[in-house]
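Asker: Handing you this structure, nothing more for now.
The values are calculated or read from the model by the stated rules, or taken from the named source; none is laboratory data. Because the structure is predicted, anything quoted here is derived from the model rather than measured. No Cβ is skipped: glycine too gets one built from the backbone with ideal geometry, and neighbour counts run over all protein chains shown.
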Amino acid sequence: MIEAVAYGIAYVLSVHMLPWVFLGVIIGLVVGILPGLGGAATLAILLPIIYNLDATFALTFLIVLHAAVSQGGVVTSILFGVPGESVSVATMLDGYPLTQQGHAGRALGASQMASMLGAIFGGIVLASLIPIARPIILAFGSPEIFMMAILGISFVSVLGRGSAIKAVITAGLGMILAFVGLHAGTGVLRYTGGILYFWEGIQVVPVFMGLFAIPEVIDLMRKGESLAKVEQASVGRRDVWEGCKDVFRHWTLLLRCSAIGTALGMIPGVGGVVSQFICYGHAKQTSKRPDLFGFGNIEGVIAPESGNNAKEGGSLFTALAFGLPSGAAMVMILAALMVLGIRPGPEMITSHLDLFWTLVVSLIVGNVLSTLICLFAARPLARITFIKGNLLVPIIILLVILGAYGVKNNIYDVFLAFVFGGIGYLMKAYDYSRVTFTIGFVLGDYVERYFLISVSSLGPDFLLGSPIALILLILTILGLVGRGVRGLPLRFFRRLISKEEEEG
Amino acid sequence: MRRGNLFFAVFLLLVSLLILRATWTYPFKAKLFPLITLLPVLILLMIQIIREISALKEKGAGERRKKESFDRKRFIIWAWMLGTVLMLWVLGFMGTVVLLPFLYLRFQRESWLLSITLSLGCGVFFYTLFDLLLRMTLYPGLILPGVFG
């Protein structure tokens, strides 16, 4: 195995490969920064090109490109509040407020450093798991994924800002939105209103774009100021470096979220959209200052970024070793393997160990290189936030249009984004949590689908047969009870203080 | 603002009731999860509405009469949003990419030079990247296909 690792490192860092690695990273960063270009779509565009190429070369190129996409996606999320990729929504929740406070450099520094360290963590875990991973992955069936989704939804109680009632209402409405379209279990069309467009369900990206980006554009139009709402702000290298240091200050959070991300990445069907929110929820739950989440808490940037990039290691492992993709991008990587005549599966670890390790090294190198480029570019990028708002408004609107349209090249997605823009604006104005809405929307489908699969294949008592699902159930209950119990003294003291104030 | 909160909660309740009405028509398997989700949402929305009403009452008659002034700026912003969607629908992607920045910058009284440069820059950038390099099918709008066939 050591020989295979050495081969992987030597290949990726060789003189003939490095320029291509660099090119792949640059393309990945551009794809990530532009909201309309998804990483999976770009890999799909590149598939026909790789037909006659050497397998190791082609796959290395695709993996580094894929690694750089999410690093680029976070840039627009932090700077403009427009998620470049659907996996960078959670980072935006605290990254964008930091930009508004004039700390774009710090947010970019922290996100890039957390991404890089998370990816390295994921890569190392991926490597060390090879001998024991098979039973772990195979232990995850529909009951476990169902409970994982329930655990994710239970975070609604901690993620909602302000009124808990409003948070649960929006999470429920988000779940209802996930039920739109053809119901796989019965073939019934639900909530489509007879409109063909809704048959396939509602796409995640236009909803996210509308809910989060358009209210910010409206805000910008109303005030006409720059994105950064302060006159004096630090966007120098020191601020970027401060963000990097923040990651080391919160090193336990980094490790915990990287571990969560890697574990979730290994579970087939659980994408980055889910893992980023679980990491964000975990960070808020365990933070000493949870009240600052959503207002520019650096922990809210570190947690989803480290989890999201650590997830790639786990995803790559399951895709290569078992042929089970965790998301659209991994489907494309598997398609590339097949185009090149390599069958994904356990033989990847036995017959193609050199290639396996080359891809692991590519993932890590791709992340490290894109982080370095982003860190060097962070200063000029952060300066964008001081450009006059009037100039940025049309550009951000175009990015939103492009982002919504680019998912399926469907103009109705853009219209949908604008409708959700209006809804998002009202939710923001009347203090209904958009975060819990998106969590309900993302996880609603998982909960229903895996519940029905579990019941039909294992019967109504499916939870009793799975120790992992039971552990997850206990964790969910403990989490909910714990949050309730911890909240009690706080509520008691708040009431006491308000009583004293009234009396005073 | 308080009144707006109440109206929004009532609006959400009405939407939820409409969804509930549609849900009843589905077979058991298809309506199970929507019902499990909807029922608590409906109960919580009612609680929220009661809270909003009592908060409104507490505020007192004097404040209740204070009407929100007609916000001209808000109207203009929504007009821009609607205009953008219409522009996209009629002129297509490339038409909007060039025209939207130009019109918006001129509306904000930015200089002619800046307005023209930025809109042309956007046009060239998006056309080169998406049409020439990536060969992405960009929405042509209603007018262009009619004119050019």
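Asker: Specify which of the listed residues (A:201, A:210) is at pLDDT 80 or above, within 14 Å of chain B (Cβ to nearest Cβ) and either surrounded by fewer than 17 Cβ atoms within 10 Å (Cβ to Cβ) or touching a strand residue (DSSP E or B) at 6+ places or on another chain (Cβ under 6 Å) (or both).
Answerer: A:201
Asker: Which condition does residue A:215 not pass, out of (1) more than 13 Å from chain B (Cβ to nearest Cβ); (2) part of a helix (DSSP H, G or I); (3) within 18 Å of residue A:438 (Cβ to Cβ), if it passes all the others?
Answerer: Only one criterion is unmet by residue A:215, namely (1).
Asker: Still on this structure, please answer the following. Output yes when any residue across the stretch A:144-153 is surrounded by 16 or more Cβ atoms within 10 Å (Cβ to Cβ), over 27 Å from residue A:472 (Cβ atoms) and either of a type in the set (Asp, Glu) or within 12 Å of another protein chain (Cβ to nearest Cβ) (or both), and no when none is.
Answerer: The answer is no; no qualifying residue exists.
Asker: What residue, of B:132, B:113, B:56, is hydrophobic (A, V, I, L, M, F, W, C) and modelled with pLDDT of 90 or more?
Answerer: Working: B:132 fails: modelled with pLDDT of 90 or more; B:56 fails: modelled with pLDDT of 90 or more.
Testing whether each residue is hydrophobic (A, V, I, L, M, F, W, C) and modelled with pLDDT of 90 or more leaves just B:113.
Asker: Scan (1) closer than 25 Å to residue A:218 by Cα; (2) touching a residue at least 40 places away in the same chain (Cβ under 8 Å); (3) not aliphatic (A, V, I, L, M) for the single condition residue A:465 breaks and write down its number.
Answerer: Only one criterion in (1) closer than 25 Å to residue A:218 by Cα; (2) touching a residue at least 40 places away in the same chain (Cβ under 8 Å); (3) not aliphatic (A, V, I, L, M) is unmet by residue A:465, namely (1).
Asker: List pairs: first in the stretch B:75-93 and more than 7 Å from chain A (Cβ to nearest Cβ), second at pLDDT 90 or above, Cβ under 6 Å, 6+ apart or cross-chain?
Answerer: Pairs found: B:87/B:96.
Asker: Take residue A:449 and decide whether it is more than 12 Å from chain B (Cβ to nearest Cβ), at negative phi and either modelled with pLDDT under 80 or not in a loop (DSSP other than H, G, I, E, B) (or both).
Answerer: Criteria not met by residue A:449.
Asker: Separate question: Which of the residues that make up the stretch A:304-324 are under 16 Å from residue A:87 (Cβ atoms) and in contact (Cβ under 8 Å) with a residue 60 or more places away in the chain?
Answerer: Of everything in the stretch A:304-324, those that are under 16 Å from residue A:87 (Cβ atoms) and in contact (Cβ under 8 Å) with a residue 60 or more places away in the chain turn out to be A:304, A:305, A:306, A:307, A:308, A:309, A:310, A:311, A:312, A:313, A:314, A:316.
Asker: Can you go through A:355, A:402 and tell me which one is modelled with pLDDT under 90 and more than 30 Å from residue B:81 (Cβ to Cβ)?
Answerer: A:355
Asker: Being at pLDDT below 80, surrounded by fewer than 16 Cβ atoms within 10 Å (Cβ to Cβ) and not in a helix (DSSP H, G or I), is that true of even one residue in the stretch B:71-91?
Answerer: Yes: one or more hits.
Asker: Here's another thing I want to ask about it. I need the helices (runs of 4 or more DSSP H) fully contained in the stretch A:285-397, keeping only those with at least 2 residues that are among the basic types (Lys, Arg).
Answerer: So the answer is A:353-383.
Asker: How about the stretch A:1-16: which of its residues are surrounded by 12 or more Cβ atoms within 10 Å (Cβ to Cβ) and either β-branched (Val, Ile, Thr) or in contact with a helix residue (DSSP H, G or I) (Cβ under 6 Å, 6 or more places away or on another chain) (or both)?
Answerer: A:4, A:5, A:7, A:8, A:9, A:11, A:12
Asker: Still on this structure, I have one more. Residue A:467: surrounded by fewer than 20 Cβ atoms within 10 Å (Cβ to Cβ), more than 30 Å from residue B:93 (Cβ to Cβ) and not small (Gly, Ala, Ser), yes or no?
Answerer: yes
Asker: Same structure, new question: Determine which single condition residue A:389 fails, assuming it passes every other condition in (1) within 11 Å of chain B (Cβ to nearest Cβ); (2) over 30 Å from residue A:237 (Cβ atoms).
Answerer: Every listed condition holds for residue A:389 apart from (2).
Asker: Consider residue A:439 carefully, then state whether it is facing chain B (nearest Cβ under 10 Å) and not small (Gly, Ala, Ser).
Answerer: Spelling it out, it is not the case that residue A:439 is facing chain B (nearest Cβ under 10 Å) and not small (Gly, Ala, Ser).
Asker: Applying the selection to the stretch B:112-132, what residues are aliphatic (A, V, I, L, M) and closer than 24 Å to residue A:407 by Cα?
Answerer: Result: B:124, B:129, B:132.
Asker: Being in a helix (DSSP H, G or I) and free of Cβ contacts under 8 Å to residues at least 40 places away in the same chain is the filter; apply it to the stretch A:47-73 and report the residue that is nearest to residue A:331 (Cα to Cα). Can you show your working first?
Answerer: Kept after step one, since they are in a helix (DSSP H, G or I), are these residues of the stretch A:47-73: A:47-50, A:55-73.
Retained after the next criterion (residues that are free of Cβ contacts under 8 Å to residues at least 40 places away in the same chain): A:48-49.
Details: A:48: 15, A:49: 17 Å.
Result: A:48.
Asker: So, one more: Which of the following residues is under 21 Å from residue A:408 (Cβ atoms), in a helix (DSSP H, G or I) and of a type outside the set (A, V, I, L, M): B:102, B:130, B:125?
Answerer: Criteria check complete, one pass: B:130.
Asker: Can you tell me how many residues within the stretch A:335-353 are surrounded by fewer than 16 Cβ atoms within 10 Å (Cβ to Cβ) and either acidic (Asp, Glu) or touching a Lys or Arg at 6+ places or on another chain (Cβ under 9 Å) (or both)?
Answerer: Of the residues in the stretch A:335-353, 2 are surrounded by fewer than 16 Cβ atoms within 10 Å (Cβ to Cβ) and either acidic (Asp, Glu) or touching a Lys or Arg at 6+ places or on another chain (Cβ under 9 Å) (or both).
Asker: Now a separate question. Considering only residues that are modelled with pLDDT of 85 or more and facing chain B (nearest Cβ under 7 Å), look in the stretch A:406-420 and name the one that is nearest to residue A:192 (Cα to Cα).
Answerer: Filtering the stretch A:406-420 for residues that are modelled with pLDDT of 85 or more and facing chain B (nearest Cβ under 7 Å), the one nearest to residue A:192 (Cα to Cα) comes out as A:415.
Asker: Further, regarding this structure: Against the definition (over 22 Å from the mean Cα position of the chain (by Cα) and within 10 Å of another protein chain (Cβ to nearest Cβ)), how does residue A:398 come out, yes or no? Give the steps one after another, and end with the answer.
Answerer: Details: over 22 Å from the mean Cα position of the chain (by Cα): yes; within 10 Å of another protein chain (Cβ to nearest Cβ): yes.
Yes: the conditions hold for residue A:398.
Asker: Considering only the stretch B:108-124, how many residues are surrounded by 13 or more Cβ atoms within 10 Å (Cβ to Cβ) and within 12 Å of chain A (Cβ to nearest Cβ)?
Answerer: Going through the stretch B:108-124 one residue at a time, the tally reaches 10.
Asker: Show the residue pairs that are 6+ apart or on different chains and have beta-carbon atoms under 6 Å apart, the first residue being within the stretch B:125-148 and facing chain A (nearest Cβ under 8 Å) and closer than 16 Å to residue A:30 by Cβ, the second being outside any loop (DSSP other than H, G, I, E, B) and not acidic (Asp, Glu).
Answerer: B:126/B:97; B:136/B:130
Asker: For the stretch A:398-441, how many residues meet the condition of being touching a residue at least 60 places away in the same chain (Cβ under 8 Å), surrounded by fewer than 24 Cβ atoms within 10 Å (Cβ to Cβ) and outside any helix (DSSP H, G or I)?
Answerer: 4
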